[in-house]
Amino acid sequence: MSEEKKTANPFLVPYGTPHDTVPFDRISMEHYEEAFMEGIRRDNEQIEKTINNPEKPTFDNTIISTEEDEDYYGLLSRVSTVFFNLLSAETNDAMDALAQKMQPILTQHANDVRLNPRLFERIRQVHLHHRRLTAEEQMLLDNCYQSFVRSGALLDEDGKNKLRQLTEEASMLSLQFQQNLLKAQKAYTLDITDEAQLDGLPETAREAAALTAKEQGKQGWTFTLDYPSYSPFMTYSTQRELRRQMYMARNTLCTHDDAENNTEICKRLVNVRREIAQLLGYKTYADYVMKRRMASTTRNVYRLLDDLIDAYKPTALKEKEELVKLAHKDIDKLRPWDSAFYAHKLQMKKYDLDAEMLRPYFELSQVIKGVFGLATRLYGIKFTENKDIPVYHPDVKAYEVTDRDGSFLAVFYADFHPRKGKQGGAWMTEYQGQYIDQKGENIRPHVSVVMNLTKPTEDKPALLTLSEVETFLHEFGHSLHGMFANTRFESLSGTNVWWDFVELPSQFMENYAVEKDFLRTFAFHYQTGEAMPDELIRRIVKSRNFMAATACMRQVSLGLLDMAYYTKKEPFNEDIKSFEKKAWKKAILGEQLEETCMTVQFSHIMAGGYAAGYYSYKWAEVLDADAFSVFKRHGIFDEKTAQRFRDEVLSKGGTEHPMVLYKRFRGGDPTIEALLRRNGIKRVKK
């Protein structure tokens, strides 16, 4: 490769940007493939160097050499991180095509590494015979050894070849699933030209729809399946037939007889993962997954889900009965597209509260100040926007984060609004993880949150709902986990923890959304500057458990569906829609329509890493309620408690078993009682 060509590709030279951030403004499509292939070449060169080392395998010359050599392994990691992050946040046809091309090449390379017998033998020797290690070094060694074993290193050649084929197929199926879902979701619009059909919709929803129509070159008002458009429509529109159309469009995504149908992809993914697990000696894919989870067994997962059903379902049935009773004043039967509409009416009746009343007090720039201010109050950190840091889209803001002592802590990117090339939902990711390099320098992380919050209109700034504020807090909690990382090894830093522990920091932050003392810091009317009235805050606090049991049952139903697929021991060949409805039946409260299907759009368990792990949201909810009860006891802004949470949980990443970290903070085992108290649930004595 010529020096001239190296210089032209920003991945292959020092970035020369503030804090060595990704030079998004200099990266073009043609740079990715070149950098991918050069990264693979460097990986292979370093592996050859390691396995040909004539010295006896040691932790330092085998494990650390692969973990810490950023000159080699760093390139492939850097380009992969940027490319696949943007594939979710800002994709286009060219990126989709390159992903299809590169995915099998990258999977093959990963297999070549994990199934290299000479490399594994060195790692195995270190695992058997090594010097005294620190707790973090021991965790790195165990993770390294287990990652090879769980990737097939102990299989014979026939087994390895079979595993290669299965993992390559699984990676392509997951990619295709995600691309199909994005295309299907972005393809649908509800276009309205008769203003009478906007009846019931608040001004914010009308203005947003008018702006969307204008952006798409249409007349009137355009509604999409993006959450900030879909949710207000389903909540406020009096047009029952249009609500039905929107509901059916959203809940039949990827089921139609077209190129975006995900049915066969889901079936094959479930079977491929089962085959991988069984090839590796496990009965089911869930058994394979649980070996590296706090839950440890599928029995413990089902025990949690069943306990939640026992505790919450009686209350959820009462909530449903109340909703049906109210709806029957207008309609004969409550249908799925009626639920949000009548839930809003019920909330107004009981608490005189709805999302639109709160929007004027949740202007995005004020919410940002509130969320950042909360981190400052708890941990002493500060956020300063730096417009010299390149970003990948004008919507994205980049901040420098400094610690209590003024030292540089992290770079924080925030990407707030929906757009054509962005997946739905919200997530946190990293462009650089934290680690300590070979010179002893603490390399600080670059973290990002990506959301789909309400956009500004031509007449109004972005005004959020309380639910969107909670989403921001959730993802910000993940980002704190990343920003506070303070470990030696990057693969153990930040959110690199067991999957059913990763949601603790995020769900913990959601608790603040309904705390009066927190709302007082930022909830000011965007026009008058007046603070949110005490009476409105009182209603928010009073209504915090509105339909909470129903929401819990929804999460439990998704956990049951996930486990039903991944506890299969035999080949899966059933009809997905029928299987789904049976799998989650005991947690479902309302009508199930024959045409609708969640599985084919359930990104978490098909393409998002939560396969046999969706229960972790509820698992972590037990932990977050328990942890927040400590703050409630000492004060929700108590700096000493926050410092312990930072020191014992947030900064430690995956350096020790998560329950060890949690108990060190908590001083004992977590219990479900704090969650039940928070949700106002009383156990039924048996």
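The values are calculated or read from the model by the stated rules, or taken from the named source; none is laboratory data. It should be emphasised that the depicted structure is a prediction, and the values quoted were computed from it without experimental measurement. We place every Cβ from the backbone using ideal geometry, glycine too, and count neighbours over all the protein chains shown. Accessible surface areas use protein heavy atoms only, side chains included; no ligands, DNA or RNA. Shrake-Rupley method; radii C 1.70, N 1.55, O 1.52, S 1.80 Å.
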Next on the checklist: I'm trying to understand the selection: among the residues of the range 547-581, which are closer than 25 Å to residue 310 by Cα, more than 23 Å from the chain's Cα centre (by Cα) and surrounded by fewer than 17 Cβ atoms within 10 Å (Cβ to Cβ)?
Outcome noted: 578
Item to check | Count - residues of the range 423-441 that are open to solvent by 30 Å² or more (accessible area, probe 1.4 Å), under 26 Å from residue 60 (Cβ atoms) and not aromatic (Phe, Trp, Tyr) | outcome: 6
Checklist entry - Can you pull out the helices (runs of 4 or more DSSP H) entirely within the range 58-168 that have at least 3 residues that are open to solvent by less than 50 Å² (accessible area, probe 1.4 Å), aliphatic (A, V, I, L, M) and under 24 Å from residue 281 (Cβ atoms)? => result 117-128, 135-149
Next on the checklist: Of everything in the range 316-339, what is surrounded by fewer than 17 Cβ atoms within 10 Å (Cβ to Cβ), over 20 Å from residue 587 (Cβ atoms) and among the aliphatic types (A, V, I, L, M)? Give them in sequence order.
Outcome noted: 326, 331
Checklist entry - Residues of the range 169-194 being small (Gly, Ala, Ser) and either open to solvent by less than 50 Å² (accessible area, probe 1.4 Å) or at positive phi (or both), which ones? => result 170, 171, 174, 184
Checklist entry - Counting only residues that are in contact with a His (Cβ under 8 Å, 6 or more places away or on another chain) and either of a type in the set (Lys, Arg) or part of a helix (DSSP H, G or I) (or both), which one in the range 18-43 is farthest from residue 105 (Cα to Cα)? => result 19
Checklist entry - Only one residue in 342, 361 is surrounded by 21 or more Cβ atoms within 10 Å (Cβ to Cβ) and without any contact (Cβ under 8 Å) to a residue 24 or more places away in the chain. Which one? => result 342
Checklist outcome for this item: For helices (runs of 4 or more DSSP H) lying entirely in the range 195-290, having 3 or more residues that are open to solvent by less than 30 Å² (accessible area, probe 1.4 Å) and either touching a His at 6+ places or on another chain (Cβ under 6 Å) or aliphatic (A, V, I, L, M) (or both) picks out 203-215, 240-251, 263-279, 285-290
Next on the checklist: Pairs needed: first member in the range 480-503, over 14 Å from residue 443 (Cα atoms); second member anywhere, of a type in the set (Lys, Arg) and not in a loop (DSSP other than H, G, I, E, B); C-beta distance under 8 Å; at least 6 residues apart or different chains.
Outcome noted: none
Next on the checklist: Out of everything in the range 512-546 that is of a type in the set (D, E, K, R) and assigned to a helix (DSSP H, G or I), what residue ends up being surrounded by the most Cβ atoms within 10 Å (Cβ to Cβ)?
Outcome noted: 539
Next on the checklist: List pairs: first residue in the range 120-141 and charged (D, E, K, R), second residue open to solvent by 70 Å² or more (accessible area, probe 1.4 Å) anywhere in the structure, Cβ distance under 6 angstrom, at least six positions apart or on different chains.
Outcome noted: 136/488
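Name every residue in the range 241-256 that is more than 24 Å from residue 605 (Cβ to Cβ) and either free of Cβ contacts under 8 Å to residues at least 24 places away in the same chain or touching a Phe, Trp or Tyr at 6+ places or on another chain (Cβ under 7 Å) (or both), in order of residue number.
Passing the criteria: 241, 243, 244, 246.
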Checklist entry - Inside the range 364-404, can you point out the residues that are open to solvent by less than 20 Å² (accessible area, probe 1.4 Å) and more than 21 Å from residue 508 (Cβ to Cβ)? => result 364, 389, 390, 396, 398, 399
Item to check | Residues (of a type in the set (Asp, Glu), surrounded by fewer than 22 Cβ atoms within 10 Å (Cβ to Cβ) and either in contact with a His (Cβ under 9 Å, 6 or more places away or on another chain) or closer than 18 Å to residue 523 by Cα (or both)) located in the range 448-479 | outcome: 470
Checklist outcome for this item: residue 373 vs (1) part of a strand (DSSP E or B); (2) under 21 Å from residue 512 (Cβ atoms); (3) not hydrophobic (A, V, I, L, M, F, W, C): all pass except (1)
